[in-house]
Amino acid sequence: MLIIAMLKGVPAKTTGVITVSGVLRREEMELVMNPHDTRALEAAYYLKRRVGGKVIGLSMGPEPKLVPIMNDLYEPNQESRLVPRMPIYGVDENVLLSDRRMAGADTLATAYALAKGIHRIIQLHQEALDELIELVRNNASPAEVESKARELYNENMLPNKVYSTLPTVRDSSVRLFVEGRISREQLLEKLEEARGDLMNFIVLAGMKTSDGETGNTGPQTAEGLSEFLGITIPHAAFVVDFEVSPEENSVIAERKLGNLLQKLRIPIPCLLTLHTEYTPRVPPASVQKRVRLNNYRGQLRKIRVWDAAYIGADPEKLGFAGSPTIVGPGMEIGRPPVQKIVGKTLVFKQDMDKFEWNGKRYGPFKKYDPVGDLPEELVRELEGKGLLEVFTLKHMIEELFGGLQVVARAV
Amino acid sequence: MSLEQYRDVWVYLTREDGKLTRPSLELIAAGRKVADKIGQRVVAVMLGYQLGDAPNEAIARGADAVIYADEPWLKNYLCLPYTRVLVDMCRQYKPYAFLFIADELGRDLSPRVAYRLKTGLATDNIDLEVEDYYFGKDNTTYKNVLAQIRPDFATRVAKIYTPRHRPQIASIRPGNFEPLPRDESRRGELIRFQPSPVEDDFKAEIIEEKALPKSAVDLENAKVIISLGLGILKDGEGRPRNPREGLELAEELAQLLRERYGLKVEIGATRALIYAELKELEGFITKERQVGQTGKTVAPDIYIALGISGAVQHRVGMIRSKNIVAVNTDPNAPIFDIAHYVINDDLYKVVPQLISYLRGQ
């Protein structure tokens, strides 16, 4: 199974405190992996041990910033500044979508690019099998078939059950064919089956990112994939627990919807976003052993960097150009109209009607109104008349609770 | 596409036990604010089965019209069929804006609706305005664009605009709008939408739904919230304090206000204090007391911040409180920027004083 974990590089300073943002100038900040994505990687690891296959990390962003993060994802159990430590085996390979035209994307444009990237990942694996299928169809010799299979296997493009150099895997389809134990037709059947298996993929994502905090990209990527694949890709957001059904054609997922815990059966292929409360299950050892036939060669420590053209993306739908939303200028959160500093602010002792001073009108004022920006000279005069005082805790209590009815005095 | 064709502010309402949820009532109020500015209608949108009196209730609570679908196959929320019905409604009636509640359901549903309509989605808004927006790339000023105001990365809030696309889809964080009073005399059009189920949308199926136990902590409805931050770990001289003492002082003050004035008082906390997982506060200072961006948004009459510096993530969760009292030893604490009452002093001195004054009053 192709297990695709969507990962995001986020500014390091957003990971300590979870925040929200508009368009960020990422190049100016150190990027680390979105902390919520650890759940997606843990879920990916569970899936790999439960059904086999390979885990592909998928991200979008500037190459110099993302490559170090992706490199550290090969060994997530090691100390890293960029990736939280996780007790799991790392990703098998990484795909990075990187193109200047992808910059400034909102969630719609991001989901568009990611869905295109996932579509390309599937196509790439289909193309690999197609190459092999064509050779077999064209009556290539068993030696030629094996040589091609080895080449594709070394690139992590064929699962062990199709071809393997592992001593433990004796019965790969290509091996059986080379040894004359299955016919050419039978091999073709196996290869077509493996090709079909590629559509049984699962996409995983964190429930949100620490910088954007929207959680939109997961469900929107499912929608984009549905568009590009021509089949409906269902999703479930906020999954707290899931397992693969015994028939391995669906996942049984529990997810939180407010006060409701919803248990769903979702057919594969599908997309899940994992809640921060998600903890992965551990498949029985016998299952883990059995599904290794579905695994690929192993970690390919090479990051595939793809641009817009390679994933067949329309530049008009990418990045800033493809984003319906525009982030306007930020604003400070407003100060309250009246602020009083206990022990400092001068306030009126009592209500005061409008009055004239030096030809200008002032007021009216209410008891405990601060003098604010009244002229200094006037303030001194009012003070001299004993009309002002410093605001105290007692005054505050009177203001806040004085108007309330006391229901019980003896406390 | 002519943007003027798109009219009315739609609000997607949810029910619990047959009644409109409080965030739904807030959403009608949010829609009202926008609709009144542009002279258009608030249209409540409801999907479900056996909606009963809920559509009329939406009118009484401030909607001008309701578009609803009442079908057995819409009884429980499922993203795909709900998405299709909402998208079909939008294509037929062309709303100017479509608001959702920024809860889990809204976050599951609105992204797919927005993607299918190829329009913008601004998540987690705390306020909405209507503005003209000049877009340099087109050299065009778009009239009456929704300014979707959401907490921002730095110490600020940002406005998100969707000038060129309709509907402008936004989700609103609960706790930021006051529900409108019920007005039985209000009348409005009820439009029943009659969709047909599409088999493909039922690929995912519900096996079971169960209610999660409700939290005993009710921050949203408290009149007074006394909130604690990491500042309770130190006194005015910087000496360490057992945080338990700070909690007990806050509890004493809370109890006094409850008994004396019959007020509903709750203890809140910052994310930093909760995640510090102090054993002295174990079992009491838990996630359900968290105020802020990733916790609850609250708007009590009185919010007393004890030892809270006031990171923006906290401020966006309580800025709408009617009276904010901030006690902090740091004169530069950002919480003071938004406080109505600034007390630049040691909470271990201030709170006992408050208690004694209240007792004496």
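If you count, for every residue in A:231-239, the Cβ atoms of partner chains within 10 Å of its Cβ, what is the mean?
5
With angles folded into 0 to 90 degrees, how steeply does helix B:22-38 sit against the dominant principal axis of chain B? Use alpha carbons for both and round to 10.
It works out to around 70 degrees.
With the cut-off at 1.5 for a/c, could you classify segment A:59-159 from its C-alpha gyration tensor as rounded, prolate or oblate?
Verdict is oblate for segment A:59-159.
If we sort B:260-268, A:114-122, A:215-223, B:45-53 on the protection proxy, mean other Cβ atoms within 10 Å, highest first, what's the order?
Answer by packing, highest mean first, reads A:215-223, A:114-122, B:260-268, B:45-53.
What nm value, rounded to one decimal, do you get for the distance between A:GLU79 and A:LEU176 when each label is placed 7 Å out toward the C-beta?
4.9 nm
In which sequence would A:TRP357, B:TRP10, A:TRP306 go, from the one with the fewest C-beta neighbours within 10 Å to the one with the most?
A:TRP357, A:TRP306, B:TRP10
What does the average come to when, for each residue of peptide B:23-33, you count the partner chain Cβ atoms lying within 10 Å of its Cβ?
0
Just name one of B:GLN5, B:TYR348, B:ILE101: the one whose Cα is farthest towards the positive end of the charge dipole of chain B (beta-carbon charges, Lys/Arg +1, Asp/Glu -1).
Toward the positive end, the furthest listed residue is B:GLN5.
Nearest 20 debye, what's the magnitude of the dipole of the protein assembly as shown about its Cα centre given +1 on Lys and Arg Cβ and -1 on Asp and Glu Cβ?
240 debye
Count the net charge of all other residues whose Cβ sits under 9 Å from the Cβ of B:HIS340, scoring Lys and Arg as +1 and Asp and Glu as -1.
That sum, taken over residues with Cβ under 9 Å, equals +2.
Starting at 0 and stepping by 5 Å, how many percent of the alpha carbon pairs of segment B:245-361 end up in each bin?
Result, from short to long distances: 2, 12, 21, 25, 24, 13, 4, 0 percent.
Using a cut-off of 17 Å between alpha-carbon atoms, which lysines can reach A:LYS354, once sequence neighbours fewer than 8 places away in the same chain are excluded?
Straight-line reach from A:LYS354, under 17 Å: A:LYS366, A:LYS367, A:LYS385.
About its Cα centre, what dipole magnitude does segment A:144-260 give when the only charges are +1 on Lys and Arg Cβ and -1 on Asp and Glu Cβ, stated in debye to the nearest 20?
It comes to approximately 220 debye.
Cα-Cα pairs above 41 Å in the protein assembly as shown: how many percent?
41 percent
What does the net charge come to around A:ILE311 if you take all other residues with beta carbon closer than 12 Å to its beta carbon, with K and R at +1 and D and E at -1?
+2
Of the options B:HIS314, A:PHE391, A:VAL91, report the single residue whose Cα projects farthest towards the positive end of the charge dipole of the protein assembly as shown (beta-carbon charges: Lys, Arg +1; Asp, Glu -1).
Of the options given, the answer is A:PHE391.
Using the Cα atoms of chain A, I'd like the radius of gyration and the largest Cα-Cα distance, Dmax, both in angstrom.
31.4, 112
Rounded to the nearest 500 deg cm²/dmol, what is the calculated helix-only ellipticity per residue at 222 nm for chain A, with -39500 (n - 2.57) per DSSP H run of length n ≥ 4?
-10000 deg cm²/dmol, from helical runs alone.
Between rounded, prolate and oblate, where does segment B:1-92 land on the alpha carbon gyration tensor, with a ≥ b ≥ c its root eigenvalues, rounded for a/c under 1.5, else prolate if a/b exceeds b/c?
oblate
Quick check for me: using +1 on Lys/Arg Cβ and -1 on Asp/Glu Cβ, what's the dipole size of segment B:1-66 about its Cα centre, in debye to the nearest 20?
That gives segment B:1-66 a dipole magnitude of about 160 debye.
Positive end of the dipole of the protein assembly as shown, charges at C-beta (+1 Lys, Arg; -1 Asp, Glu), about the Cα centre: which of A:VAL287, A:PRO219, A:SER59 has its Cα farthest in that direction?
A:VAL287
With 10 Å bins from zero, work out the P(r) of segment B:298-361 over every alpha carbon pair and list the percent per bin.
Values per bin, smallest distances first: 24, 51, 24, 2.
By how many degrees, 0 to 90 and rounded to 10, does the Cα axis of helix B:79-93 deviate from the longest principal axis of chain B?
60 degrees
Give me the net charge of B:TYR96's neighbourhood, meaning all other residues with Cβ under 15 Å from the Cβ of B:TYR96; Lys, Arg count +1, Asp, Glu -1.
Around B:TYR96, the surrounding residues sum to +3.
Cα centroids of segment B:64-119 and segment A:208-230: how far apart, whole angstrom?
Cα centroid to Cα centroid, the span is 17 Å.
Pairs to check: A:LYS116/A:LYS302; A:LYS190/A:LYS263; A:LYS317/B:LYS159; A:LYS54/A:LYS190; A:LYS394/B:LYS264. Give those whose C-alpha atoms are more than 31 Å from each other in this structure.
From A:LYS116/A:LYS302; A:LYS190/A:LYS263; A:LYS317/B:LYS159; A:LYS54/A:LYS190; A:LYS394/B:LYS264, over 31 Å: A:LYS190/A:LYS263.
Order by neighbour count: B:GLU57, A:GLU389, fewest other Cβ atoms within 10 Å first, most last.
A:GLU389, B:GLU57
Do any of B:LYS75/B:LYS203; B:LYS214/B:LYS287; B:LYS287/B:LYS349; A:LYS256/B:LYS19; A:LYS208/B:LYS75 go past 18 Å between their Cα atoms, and which?
Flagged as over cut-off: B:LYS287/B:LYS349; A:LYS256/B:LYS19; A:LYS208/B:LYS75.
Once you sort the root eigenvalues of the Cα gyration tensor of segment A:346-401 as a ≥ b ≥ c, which label holds: rounded (a/c under 1.5), prolate (a/b larger than b/c) or oblate (the other case)?
It is prolate, given that a/c is not under 1.5 and a/b is the larger ratio.
How high is the FRET efficiency between A:GLU243 and B:SER215 when r is their beta carbon distance and R₀ equals 30 Å, given to the nearest 0.05?
0.60
For chain B, I need the span (max minus min coordinate) of the C-alpha atoms along each principal axis, in Å, sorted largest to smallest.
Principal extents (Cα only, largest first): 67, 52, 43 Å.
Shielding by partners for B:256-262, please: the mean number of other protein chain Cβ atoms within 10 Å of each residue's Cβ.
Average neighbour count from other chains, rounded to a whole number: 5.
At q = 0.16, 0.21 Å⁻¹, what base-10 log of I(q)/I(0) does the Debye formula yield for segment A:264-411 when every alpha carbon is treated as an equal point scatterer in vacuo?
So the normalised log intensities are -1.14, -1.33.
Sorting check: for B:105-117, B:240-252, which peptide has the highest mean count of neighbouring beta carbons within 10 Å, and how do the rest follow?
B:105-117, B:240-252
Could you list A:VAL327, B:VAL85 in order of exposure, starting from the residue whose Cβ has the fewest other Cβ atoms within 10 Å?
Result, fewest neighbours first: A:VAL327, B:VAL85.
Coordinate-derived values only; no laboratory data. Everything numeric here is computed off the predicted structure, so don't read it as measured data. No Cβ is skipped: glycine too gets one built from the backbone with ideal geometry, and neighbour counts run over all protein chains shown.
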